[in-house]
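In what follows, a structure is listed as structure tokens, so that the remarks can point back to it.
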Amino acid sequence: MDHQGGVQTSERRFAAYVEHLAQAVGHADRVAPLKAYCTGLILPGERKSVEPMAARLEPARVQAAHQSLHHFVAKADWSDEALLALVRAQVLPEMERHGPIQAWVVDDTGFPKKGRHSVGVTRQYCGQIGKQDNCQVAVTLSVASLHASLPIAYRLYLPEQWAEDRERCAKAGVPEGVAFRTKPEIALDQIRSALAAGVSPGIVLADAGYGVDTGFRTALTDLGLTYSLGIQSSTTLWPPGQAPLPPKPWSGRGRPPTRVRRDPNHTPLSAKDLAKALPREAWQVVQWREGTSAALVSRFAAVRVRPAHRDHLRHEPWPEEWFLVEWPEGEQEPTKYWLSTLPPQTAITDLVEQTKLRWRIERDYQELKQEIGLGHYEGRGWRGFHHHASLCIAAYGFLVSERGRIPPSGPQIAILQAPHLPDTYRPRGATLQAGAARG
């Protein structure tokens, strides 16, 4: 297939893809801006905010295009959930043609922001810059196979001080019924919705921000889902073969004791101390592969333990599960810890391989932010923040589908062709002249 023919075929598929998505946006007059917005997100360009996209799409009528796109993303009342459901319905079958869904990955992603008026912005940890700073944070649920992955749910985390300030929320367009929810609570809502929608289940993966929440882990088990979740080095665990003491013997007076217990000579260990106490033979070198990248190797141990969180208030111990630890050669102490409900007979190589699938979505967010413009939205409101993200995921979903059609050894072709820009045009916020070469 020649390059021109490939682009034309891809453009036809893109037109059909967006036509299907149009069911989610309601009025017929929203179909054109839907297609234009998704096109603008896919086309090359340094900024994917409304004004630069309008100039790239319709250089002869930038102001009118800008108004149309801005109204569609910031004002128009259409459902993000309905749009993402249509994306999912088109993209997941393409993913599953190459292999089953393996994992559901819970994560959150941050966007540095100046000022205090953008919805949900406050000083909090921002993964993009690796420290506390002014930012917005969104909780996401992605599905991953061994070959591809796709976000299927996306929700702004509204910090408590925002949720309690109803005047501030009203100015940012936060819906009346939106109250404060922790990140694990938001993630559980997304997971329940995915189950109700019939998404093929997979092992739930998340970092310690979610794994340390006992309620989150318990809820996943109650939903019938398996997990492998990061925990902190301070998380308390009963070592292999140990458990809290049984209830005290009944004295014959009052109610018989029913809660399990500890005493000064029988207490759980921190994850770090337990890992350091494991014998040398518990550790082995495991090699795993992430997507198409080179094989990675590290040293791991996996033992069966019982979580100890507040078990002195329980009538029976927590069930046994896997405690997986990574301690790379040359490091002074372990670097990562997980709890997993994979079956007791699971081999350590399978434990590591499935747990490490979480990092597959890092490529998604790198591309969504650098290529699709996930963090480029300049509006301040709740609706625009979510609409822009849903449209970014829709555009990215089309790219995932297109890649699935091309074998790894096949030619890499452009998805869409950009209209010619006037030589004098320079997008707001860009650092390159319009006529300069783009990498």
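The values are calculated or read from the model by the stated rules, or taken from the named source; none is laboratory data. Since the structure is predicted, the reported quantities are computational estimates derived from the model, not experimental observations. Heads up, the Cβs are rebuilt from the backbone with ideal geometry, glycines too, and the neighbour counts pull from every protein chain shown. The area values use the complete protein model at the heavy-atom level, side chains included, leaving out ligands, DNA and RNA. Shrake-Rupley method; radii C 1.70, N 1.55, O 1.52, S 1.80 Å.
Could you point to the residue in Pro93, Ala197, Phe180 farthest towards the positive end of the chain's charge dipole, with +1 and -1 charges on the Cβ of Lys/Arg and Asp/Glu respectively?
Among Pro93, Ala197, Phe180, the one farthest towards the positive end of the dipole of the chain is Phe180.
Give a residue-ordered list of calculated ³J(HN,Hα) values for the stretch 185-194 (Karplus: 6.51 cos²θ - 1.76 cosθ + 1.60, θ = phi - 60°; whole Hz; x for Gly, Pro).
Coupling constants for the stretch 185-194: 5, 4, 4, 5, 4, 5, 5, 4, 5, 5 Hz.
By how many degrees, 0 to 90 and rounded to 10, does the Cα axis of helix 3-21 deviate from the longest principal axis of the chain?
That helix lies at roughly 70 degrees to the long axis.
If each residue of separation counts as 0.36 nm, what is the full-extension length gain between Glu378 and Glu333 once their alpha-carbon separation is subtracted?
11.9 nm
Let me check I've understood the local charge: for Gly209, count other residues with C-beta under 11 angstrom from its C-beta, Lys and Arg +1, Asp and Glu -1. What total comes out?
-3
More than 15 angstrom separation, counting every C-alpha pair in the stretch 6-81; what % is that?
Counting every Cα pair in the stretch 6-81, those more than 15 Å apart make up 56 percent.
Given a 1.4 Å probe, how much area per residue of the stretch 1-109 is accessible, in Å²?
Per-residue value: 44 Å².
In debye, nearest 20, what is the charge dipole magnitude of the chain about its Cα centre with +1 on Lys and Arg Cβ and -1 on Asp and Glu Cβ, if you could check?
Dipole size: approximately 780 debye.
What shape does the stretch 179-303 take by its C-alpha gyration tensor, where a ≥ b ≥ c are the square roots of the eigenvalues and a/c under 1.5 counts as rounded, a/b above b/c as prolate, and the rest as oblate?
The shape class here is oblate.
Note the angle between two axes, namely the Cα long axis of helix 31-42 and the longest principal axis of the Cα atoms of the chain, as a number of degrees from 0 to 90, rounded to the nearest 10.
70
Ordered by residue, what ³J(HN,Hα) values in Hz, to whole numbers, does the stretch 96-101 give under the Karplus form 6.51 cos²θ - 1.76 cosθ + 1.60, where θ = phi - 60° and Gly and Pro are x?
Those phi angles translate into 6, 5, 9, x, x, 5 Hz.
Considering only protein heavy atoms and a 1.4 Å probe, what is the carbon-and-sulfur percentage of the accessible area of the chain?
50
Counting only residues 5 or more places away or on other chains, whose amide H sits under 5 Å from the amide H of Gln128 once H atoms are built in the peptide plane?
So Gln128 has HN proximity to Gly110.
Convex hull over the Cα atoms of the chain, averaged projected area in nm²?
Hull-based average projected area comes out at 26.3 nm².
Got a sec? Charge dipole of the chain, +1 on Cβ for Lys and Arg, -1 for Asp and Glu; which of Ala395, Gln128, Ser149 is way out at the positive end?
Value: Gln128.
Can you list residues from other chains, or at least 5 along the same chain, whose modelled amide H is less than 5 Å from the amide H of Arg261?
Leu245
So with the 1.4 Å probe, I'd like the accessible area per residue for the stretch 118-235, rounded to whole Å².
So the stretch 118-235 comes to 40 Å² accessible per residue, rounded to a whole number.
For the stretch 230-244, in order, what is each residue's ³J(HN,Hα) by Karplus, 6.51 cos²θ - 1.76 cosθ + 1.60 with θ = phi - 60°, in whole Hz (x at glycine and Pro)?
Along the stretch 230-244, the couplings run x, 9, 7, 5, 8, 4, 8, 9, 8, x, x, x, 10, 7, x Hz.
Tally Lys and Arg at +1 and Asp and Glu at -1 over the other residues with C-beta under 13 Å from the C-beta of Glu19: what net charge comes out?
So the environment of Glu19 carries a net charge of +3.
Amide H neighbours of Val105 under 5 Å, counting only residues 5+ apart in sequence or on other chains, H built in-plane at 1.01 Å?
Here Ser142, Val143, Ala144, Leu205 satisfy the definition.
Just the number please: accessible area per residue for the stretch 347-408, 1.4 Å probe, all protein chains included, in Å².
Roughly 36 Å² per residue, with all protein chains present.
Listed here are the pairs Lys113/Lys276; Lys113/Lys272; Lys183/Lys248; Lys131/Lys171; Lys272/Lys369; which of them are more than 31 Å apart at the Cα?
Over 31 Å Cα-Cα: Lys113/Lys276; Lys113/Lys272; Lys183/Lys248; Lys272/Lys369.
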